[in-house]
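Some notes on the structure that comes next.
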Amino acid sequence: WGAVFETHRDGQPDPVLCAQLEELLALGGQIIFDGLDEVAPEHVAAAVQTIVATGLSFQNAQLLVTCRPYDYYLAAPNRQLPTSFAKLRLLPFSIDDMLGYVDRWYNALSELEFVGNAVERKRNLQDSLRNSPALESLGGTPLLLALMALVHTTEGELPSARSALYYRAVSHLLADSA
């Protein structure tokens, strides 16, 4: 949002910054607006207007706007973009997607020498996903799968109760990294 704000002061494009950005975007660039659902209700109309103006200003660029479906289809505030914007919905991860994610997760940790028994841990988490319909259902959401992998990495296994898993995942999200 910051880069667009800088190029569109007071709702009007800054010609110098827009020219520099257009040059970069003409080479196949992409502008990502991540989290339209996180915009405060009183700022949604301005955010949608900014997205539309950006699309008009940078016609060679690909625009990607993310928003949770529930929020996108609420009547108020109206987060829907004009019909000229294609709407796509991400499908949940399949079990193969999940297993591949876990494989790449633990391979990366092994390369970083973050965990010593990466192969065993990877197999354990993959088996947990394969053998538990509840965990497989949760793992369909990329953020939840990432949090499951984080909890598994730090604790060596996943809690058996969903509430305990959520508690530990939220604890990681709220942890002070300082």
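The values are calculated or read from the model by the stated rules, or taken from the named source; none is laboratory data. These numbers come from a predicted model, not from an experiment. As a convention, Cβ positions derive from the backbone with ideal geometry for all residues, glycine included, and neighbour counts pool all protein chains shown. Keep in mind that these areas ignore ligands, DNA and RNA; they rest on the heavy atoms of the full protein, side chains included. Shrake-Rupley method; radii C 1.70, N 1.55, O 1.52, S 1.80 Å.
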Fill in the blank from the handout: So, with points 7 Å from each Cα along the Cβ direction, the T66-E155 label distance in nm works out to 2.5
Problem - Among (i) 48, 43, 30; (ii) 63, 37, 30; (iii) 56, 38, 35, the entry that matches Cα extents along the principal axes in Å as calculated here - result: (iii)
Handout entry: For region 95-154, the Rg and Dmax computed from alpha carbons only, in angstrom
Key = 10.6, 31
Handout entry: Whole-percent carbon and sulfur share, accessible surface of the chain, 1.4 Å
Key = 56
Completion exercise
Scaled by the rule-of-thumb 2.2 N^0.38 Å, the alpha carbon Rg for region 42-124 gives a ratio of 1.70
Fill in the blank from the handout: Rounded to the nearest Å, the spacing of the alpha-carbon centers of region 34-78 and region 116-178 is 32
Handout entry: chymotrypsin sites (Phe, Trp or Tyr not before Pro) restricted to DSSP loop in region 114-178 with at most 14 other C-beta within 10 Å
Key = F114
Exercise for the section: For region 86-148, build the charge dipole from Cβ charges (+1 Lys, Arg; -1 Asp, Glu) around the Cα centre, then report which of N117, S128, F93 sits farthest towards its positive end. Expected result: F93
Fill in the blank from the handout: Per residue, accessible area of the chain with a 1.4 Å probe, heavy atoms of protein chains only, in Å², comes to 66
Practice task
Can you tell me the relative contact order of region 1-152? Whole percent, Cα pairs under 8 Å, sequence separation 6 or more.
Solution key: 18
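Name the GluC sites (Glu not before Pro) in region 102-168 that are in a loop by DSSP and that have at most 14 other C-beta atoms within 10 Å, would you?
Answer by residue number: E113, E157.
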